[in-house]
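A.B. asks: The structure under discussion is supplied below as C-alpha cells; questions concerning it will follow.
The values are calculated or read from the model by the stated rules, or taken from the named source; none is laboratory data. Computed from a prediction, not measured in an experiment: that's the story for all the values here. All Cβ positions, even for glycine, are placed from backbone atoms using ideal geometry, and neighbour counts span all protein chains on display.
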Ligand SMILES: Nc1ncnc2c1ncn2[C@@H]1O[C@H](COP(=O)(O)OP(=O)(O)OP(=O)(O)O)[C@@H](O)[C@H]1O
Ligand SMILES: [Mg+2]
C-alpha cells in the first residue's frame with residue numbers, strides 16, 4: 001500500500017512516563033512506515049498517545065523503546081528536516097509575520113533578498129499576501145495557523161508534523177484551511193503526519209488513516225484512502241470511508257469510558 | 001419576630017463593616033480596568049490632568065507655607081515655600097556646585113546599577129535556563145535576599161572603606177536581587193513550545209538563546225531593570241549620607257547639619273526628577289523594544 005520508499009520508519013517505538021514513581025505505558029510497540037510524499041493521518045481517543053508519538057518523531061521526546069528512522073538514519077533530537085505545526089498557534093510574537101516565516105532561513109544564513117522571495121511565495125500560498133508586516137497579536141487564530149504553516153513550509157523540510165493544527169478553529173475556517181492544505185500538498189509534496197480528532201478531516205486529507213487504540217496506544221487499524229486527489233466531502237465513497245472509520249474509532253472511544 | 005430580628009442586625013455591625021470593605025475591594029478590578037483604560041484618554045486631556053495635578057500640589061504648598069508666614073504659626077524655616085526651594089536650587093546651579101553633586105550621584109548610580117544589572121543578567125539568564133545553575137545559585141540568593149540592603153551598608157564600609165567602593169557596591173548589592181529574580185522568572189516562564197518551534201526550524205543552542213530566549217524574556221527583564229533603576233535612586237541617598245563629599249544625598253545631609261531646609265528639599269526634588277527621568281527614559285526604550293506588544 002505504501003506508494004514509495006519509506007521516509008519515516010517508526011520502529012517498535014514504546015514510551016512509558018514515570019507517574020508517581022511507576023512507569024505508566026503511553027505507547028506500546030508502534031510499528032509504522034510513512035512513505036515519501038505520503039499524507040498520513042492519525043486518529044484515536046484522547047490520551048492514547050498521538051501527541052506523544054508525534055513528539056517522538058519530532059525529536060522532542062525520547063522513546064523508552066525502539067527508534068525512529070528518517071531516510072534510514074536514526075533521528076537525534078529535533079531538526080530542520082522535520083517541520084512542526086502545533087495546535088496552539090506557536091508564533092514568535094516579537095517577530096512580524098514575515099520575520100516568523102523567514103525564521104528558519106535566517107538561521108541558515110540565507111541572504112535577505114532570497115528570504116524575501118521565499119516569504120512572499122509562501123505567504124501568497126497560504127493567502128496572507130498583504131499581512132507580511134503585521135505582528136502575531138494582530139492576527140486571528142486562523143491567520144496565525146496559516147503563518148505557522150507558511151513558516152514550516154518556507155524552511156523546506158521534507159517532513160511536516162502537525163498535531164491537531166486546526167483543532168481550535170471554528171468549523172468554517174477549519175474547512176477553508178483543509179482545502180488550502182490539500183491544495184498546498186498537491187504543489188509541495190511533503191511527507192506529512194497529521195494528528196486529528198476529526199474523521200472527516202482525516203478522510204479529506206489523508207492517503208492513509210491510522211486509528212490507534214485507547215491508552216496505552218497501539219495501532220488498531222490502517223485505512224488506505226483510495227479517493228481522488230481533489231475530494232468531495234459529500235461523495236458517497238467519502239461518506240463510506242467516514243462511517244467505516246467512525247465505527248472503528250467508536251469502539252476505542254467506548255473503551256475509554258468503560 | 002420583627003422585633004427580634006432588628007437588634008440582631010444591629011449586632012452584626014462588624015458584618016456590615018466587612019460588607020462595606022468587601023464592596024470596596026470588589027470594585028478594585030473595576031478601578032483597575034478604569035486605570036488600564038486610562039491610556040485611552042485623549043493625549044491632550046491626559047497631559048492637562050497631569051500638569052494640573054502638579055500645579056495644584058505646588059499651589060497647596062504655596063498656600064500652606066504662605067499661611068505659616070502670615071499667621072506666624074511656626075518658624076517658616078521648617079517649611080519654606082516652593083519659591084525658596086527653587087531659589088536654593090538655582091543658587092546652587094549658578095555656583096556650579098549642583099552639577100558636581102548631580103554628576104557624582106549619577107556616576108555612582110550608573111556604575112553601581114550597571115554592575116548590578118550585568119551580574120543579575122549574567123547569572124539570571126543561565127540560572128533561568130539551566131536547572132543545575134539554578135540549583136547552585138538560588139539557595140545563596142534566597143539566603144541573602146531577605147536581609148535588608150541597609151543592614152549590610154556598614155559591612156560594606158568596613159570591608160571596602162567609606163569611599164566610592166562601598167557606595168557603588170551598596171547599589172549593586174541592593175539592585176542585584178530584584179533584577180536577578182525577575183530575570184530568572186522571565187526565562188522560566190518562556191513557553192517551551194517556542195523553544196520547540198525554533199529547534200524544529202533548525203536553531204542551534206546559541207541561536208536559540210539569541211533569537212528566542214532573549215527576546216521572549218525581554219519584557220519581564222525590562223520590568224526588572226526599571227525596578228533596579230528606581231531602587232538605585234532609593235538607596236544612593238542613604239550611602240551618600242555617610243562619608244560623602246559630593247552627591248545629592250550629601251546635599252541633603254549637609255542641609256540638615258546647617259539647617260538649610262530649602263537645600264534639603266531642593267536636593268530631594270532633583271533626586272526625584274532624576275529618578276523620574278530615568279524611569280521615563282526606560283519606558284520609552286521599552287515601548288520601542290516591545291512595539292510588537294502594541295503595534296499599529
Ligand atoms: N510529560 C508527560 N508526563 C507524564 N505523562 C504524560 C506526559 N505526556 C503525556 N503523558 C501521558 O501519556 C498519555 C498520552 O498523552 P498524549 O498527549 O500523547 O495523548 P493524545 O493522544 O495526544 O491525547 P489528545 O487527543 O487529548 O491530545 C496520557 O495518558 C498522558 O497523561
Ligand atoms: Mg494530543
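One line per residue, one yes/no per condition, for (1) modelled with pLDDT under 95; (2) closer than 27 Å to residue A:69 by Cβ:
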| residue | (1), (2) |
| --- | --- |
| A:142 | yes, no |
| A:159 | no, yes |
| A:173 | yes, no |
| A:188 | yes, yes |
| A:252 | yes, no |
| A:258 | yes, no |
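A.B. asks: Still on this structure: Please enumerate the residues belonging to the stretch A:27-62 that are within 16 Å of ligand 2 (Cβ to nearest atom) and either surrounded by fewer than 16 Cβ atoms within 10 Å (Cβ to Cβ) or not assigned by TED's automatic domain parsing to the domain that holds residue A:207 (or both).
C.D. replies: A:46, A:47
A.B. asks: Here's another thing I want to ask about it. Which members of the stretch A:141-169 meet the condition of being part of a loop (DSSP other than H, G, I, E, B) and either in contact with a helix residue (DSSP H, G or I) (Cβ under 8 Å, 6 or more places away or on another chain) or within 16 Å of ligand 2 (Cβ to nearest atom) (or both)? Talk me through it step by step, then tell me what you get.
C.D. replies: Restricting attention to the stretch A:141-169, the residues satisfying the condition of being part of a loop (DSSP other than H, G, I, E, B) are A:155-158, A:164-169.
Scanning the stretch A:141-169 gives A:155, A:164, A:165, A:166, A:167, A:168, A:169.
A.B. asks: May I pose another question? Filter the stretch A:25-59 for residues that are near ligand 1 (Cβ under 8 Å from one of its atoms), touching a helix residue (DSSP H, G or I) at 6+ places or on another chain (Cβ under 8 Å) and farther than 16 Å from residue A:9 by Cβ and give the result.
C.D. replies: A:26, A:44, A:45, A:46, A:47, A:48
A.B. asks: Taking only the stretch A:148-166 into account, find how many residues are within 16 Å of ligand 1 (Cβ to nearest atom) and touching a strand residue (DSSP E or B) at 6+ places or on another chain (Cβ under 9 Å). Even if it seems obvious, please write down each step before you answer.
C.D. replies: Of the residues in the stretch A:148-166, the ones within 16 Å of ligand 1 (Cβ to nearest atom) are A:161-166.
Next, from what is left, pick out any that are touching a strand residue (DSSP E or B) at 6+ places or on another chain (Cβ under 9 Å): A:161-165.
Total meeting the criteria: 5.
A.B. asks: Which of the residues belonging to the stretch B:179-203 are more than 8 Å from chain A (Cβ to nearest Cβ) and without any contact (Cβ under 8 Å) to a residue 12 or more places away in the chain? Steps first, answer last, please.
C.D. replies: Of the residues in the stretch B:179-203, the ones more than 8 Å from chain A (Cβ to nearest Cβ) are B:179-190, B:192, B:195.
Selection gives B:192 alone.
A.B. asks: Can you name the residue in the stretch A:63-78 that is without any contact (Cβ under 8 Å) to a residue 24 or more places away in the chain and either within 9 Å of ligand 2 (Cβ to nearest atom) or within 14 Å of chain B (Cβ to nearest Cβ) (or both) and is also surrounded by the most Cβ atoms within 10 Å (Cβ to Cβ) among such residues? Give the steps one after another, and end with the answer.
C.D. replies: First, pick out the residues of the stretch A:63-78 that are without any contact (Cβ under 8 Å) to a residue 24 or more places away in the chain: A:73-78.
Right, trim to either within 9 Å of ligand 2 (Cβ to nearest atom) or within 14 Å of chain B (Cβ to nearest Cβ) (or both) and you get A:75-78.
Working: A:75: 18, A:76: 7, A:77: 10, A:78: 22.
Ranking the qualifying residues of the stretch A:63-78, first place goes to A:78.
A.B. asks: I'd like the residue in the stretch A:204-225 that is in a loop (DSSP other than H, G, I, E, B) and under 15 Å from the mean Cα position of the chain (by Cα) and, out of all such residues, is nearest to ligand 1 (Cβ to nearest atom).
C.D. replies: Of all residues in the stretch A:204-225, those in a loop (DSSP other than H, G, I, E, B) come to A:206-207, A:213-216, A:218, A:225.
Checking which are under 15 Å from the mean Cα position of the chain (by Cα) leaves us with A:206-207.
Numbers: A:206: 17, A:207: 21 Å.
That would be A:206.
A.B. asks: Could you check the stretch B:183-296 for helices (runs of 4 or more DSSP H) lying wholly inside it with 3 or more residues that are over 25 Å from residue B:97 (Cα atoms)? Walk me through it before giving the result.
C.D. replies: Numbers: elements: B:192-199, B:205-208, B:214-241, B:248-257, B:261-289.
Ranges flagged: B:192-199, B:205-208, B:214-241, B:261-289.
A.B. asks: Among the listed residues A:80, A:76, identify the single one that is more than 16 Å from ligand 1 (Cβ to nearest atom), out of contact with any helix residue (DSSP H, G or I) (no Cβ under 8 Å at 6 or more places or on another chain) and not in a helix (DSSP H, G or I).
C.D. replies: Working: A:80 fails: out of contact with any helix residue (DSSP H, G or I) (no Cβ under 8 Å at 6 or more places or on another chain).
Selected residue: A:76, the only one of A:80, A:76 that is more than 16 Å from ligand 1 (Cβ to nearest atom), out of contact with any helix residue (DSSP H, G or I) (no Cβ under 8 Å at 6 or more places or on another chain) and not in a helix (DSSP H, G or I).
A.B. asks: Okay, moving on. Would you tally the residues in the stretch A:95-106 being within 9 Å of chain B (Cβ to nearest Cβ) and either surrounded by fewer than 22 Cβ atoms within 10 Å (Cβ to Cβ) or at pLDDT below 95 (or both)?
C.D. replies: Final tally of qualifying residues: 3.
A.B. asks: Being within 24 Å of the chain's Cα centre (by Cα) and more than 11 Å from every other protein chain (Cβ to nearest Cβ) narrows it down to one of B:243, B:255, B:247, so name that one.
C.D. replies: Numbers: B:243 fails: within 24 Å of the chain's Cα centre (by Cα); B:255 fails: within 24 Å of the chain's Cα centre (by Cα).
Exactly one residue qualifies, and that residue is B:247.
A.B. asks: Return the residues of the stretch A:153-167 that are surrounded by fewer than 19 Cβ atoms within 10 Å (Cβ to Cβ) and more than 14 Å from chain B (Cβ to nearest Cβ); say none if nothing qualifies. Walk me through how you get there before you give the answer.
C.D. replies: The first filter runs over the stretch A:153-167 and keeps only residues surrounded by fewer than 19 Cβ atoms within 10 Å (Cβ to Cβ), leaving A:156, A:158, A:167.
Result: A:167, single match.
A.B. asks: Given (1) in contact with a strand residue (DSSP E or B) (Cβ under 9 Å, 6 or more places away or on another chain); (2) surrounded by fewer than 21 Cβ atoms within 10 Å (Cβ to Cβ), identify the lone condition not met by residue A:202.
C.D. replies: (2)
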